[in-house]
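I have placed the structure first, in the form of structure tokens, so that the comments after it can refer back to it.
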Amino acid sequence: MAEHREDVFHLIIGFEVNDPNAYREVYVAPNGMRKVHYVLEDPGHTFMYLTKNLKVTFFYSLGPAYNNPVQRAYGQGSPEYKIPGDTRLFRFNISEDQYEKMLAKGKEYRAEVLAGARYYNIFQNFTCARSARDIIVAGWSSVPRGSSFIGKGVVMEDVVNPYAFYEAIHDKYPQGEIRLSQNKTEWRNLMHDGNAYPGKKPDPTINPADWPKEPKEQ
């Protein structure tokens with residue numbers, strides 16, 4: 001008799017938040033003391049991916065496609081933006097229905113970014129953290145909001161950002177954090193293959209000890 005196996009689905013949320021001083025408490029009139037993310041000191045980064053049966057089936061990492069200052073603020077985006085630093089990740093069990101809703105929203109955003117129908121846009125908060133959270137919310141409506149004031153010389157509005165989103169997730173699920181050391185080549189390959197060949201690459205958060213160290217540059 002053939003053994004029946006249920007499919008297993010996971011959401012993984014990843015963060016590059018490696019400068020604690022870039023997210024600090026300051027006085028914000030008239031609100032009082034508030035945490036502020038100073039994006040010019042370190043923008044941080046948020047990404048997410050989905051897995052089915054422990055294999056990556058979708059990867060989303062939004063960032064600017066070009067490096068000049070204007071286009072980094074508002075311009076063509078990339079849904080496979082580089083992940084060069086140390087990362088902190090959280091893995092969540094999700095249902096098939098949640099998975100399908102996140103996958104559909106993620107594919108929609110990815111296609112729109114690639115077509116230029118949606119620009120990376122810090123002014124309208126279509127950024128790595130906000131857009132990743134939008135995808136997640138499609139299947140998990142109660143995910144922590146992850147917002148704070150942001151500062152760019154002066155304190156600006158309250159928006160979703162990597163540091164506040166990380167803190168919100170970490171504070172609620174402190175035992176779930178998984179850390180991986182920097183390896184931009186491994187991440188680049190994982191996100192490419194995760195989208196081009198869904199189900200090929202294993203989820204690195206399952207066995208973090210197997211995560212390869214980045215080779216030293218010659």
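The values are calculated or read from the model by the stated rules, or taken from the named source; none is laboratory data. Model, not experiment: these values are computed from the prediction. Note that we place each Cβ from the backbone using ideal geometry, even for glycine, and neighbour counts take in every protein chain shown. All accessible areas refer to the heavy atoms of the entire protein, side chains included, with ligands and DNA or RNA removed. Shrake-Rupley method; radii C 1.70, N 1.55, O 1.52, S 1.80 Å.
Quick notes on this one:
- Angle of helix 162-172 to the longest C-alpha principal axis of the chain, folded into 0 to 90 degrees and rounded to 10: 60°.
- The chain: relative contact order in percent, alpha carbon pairs under 8 Å with at least 6 residues between: 26
- Near residue 45: Cβ cut-off under 10 Å, other residues only, Lys/Arg at +1 and Asp/Glu at -1. The net charge is -1.
- Amide H partners (placed H, <5 Å) of residue 24, local residues excluded: 36, 38
- Spacing of the modelled spin labels on residue 66 and residue 211, each 7 Å from Cα toward Cβ, amounts to 3.3 nm.
- Radius ratio Rg over Rh of segment 15-110, counting only Cα atoms, Kirkwood formula for Rh: 1.05
- Cα pair distances exceeding 20 angstrom across segment 1-71, given as percent: 58
- The listed peptides 198-206, 22-30, ordered by packing as a protection proxy, come out as 198-206, 22-30 (highest mean of other Cβ atoms within 10 Å first).
- Area of residue 171 that stays accessible when all protein chains are in place (1.4 Å probe, Å², to 10): 110
- Taking Cβ atoms as reference points and 13 Å as the exclusive limit, the residues near residue 108 contribute a net charge of +2, counting Lys and Arg as +1 and Asp and Glu as -1.
- Among 76, 98, 175, the largest mean-square fluctuation in a Gaussian network model of the chain (Cα springs under 10 Å) belongs to 175.
- Accessible area of segment 43-116 belonging to carbon and sulfur atoms, whole % at 1.4 Å probe: 49
- Accessible surface ranking that places the most exposed of 95, 141, 148 first, with a 1.4 angstrom probe: 141, 95, 148
- Spacing of the modelled spin labels on residue 73 and residue 178, each 7 Å from Cα toward Cβ, amounts to 3.8 nm.
- Spatially near lysine pairs across segment 67-182, Cα under 24 Å, sequence gap of 8 or more or different chains: 4
- Shown is the FRET efficiency for residue 53 and residue 137, computed with R0 = 25 Å from the Cβ-Cβ distance and rounded to the nearest 0.05: 0.55.
- Calculated [θ] (222 nm, deg cm²/dmol) that DSSP helices of n ≥ 4 give over the chain, each run adding -39,500 (n - 2.57): -8500 deg cm²/dmol
- Direction-averaged projected area, Cα convex hull, segment 103-181: 6.8 nm², rounded to one decimal.
- Our Cα-only numbers for the chain put the radius of gyration and Dmax at 17.5, 69 Å.
- Rolling a 1.4 Å probe across the protein heavy atoms gives segment 127-218 an accessible surface of 53 Å² per residue.
- Dimensionless Rg/Rh of segment 57-132 - Kirkwood Rh, Rg from C-alpha atoms: 1.00
- Segment residue 31-residue 192, length gained on full extension (0.36 nm per residue, minus Cα span): 53.6 nm
- Positive contributions from Lys and Arg (+1) and negative ones from Asp and Glu (-1), summed over other residues with Cβ under 14 Å from the Cβ of residue 139, come out at 0.
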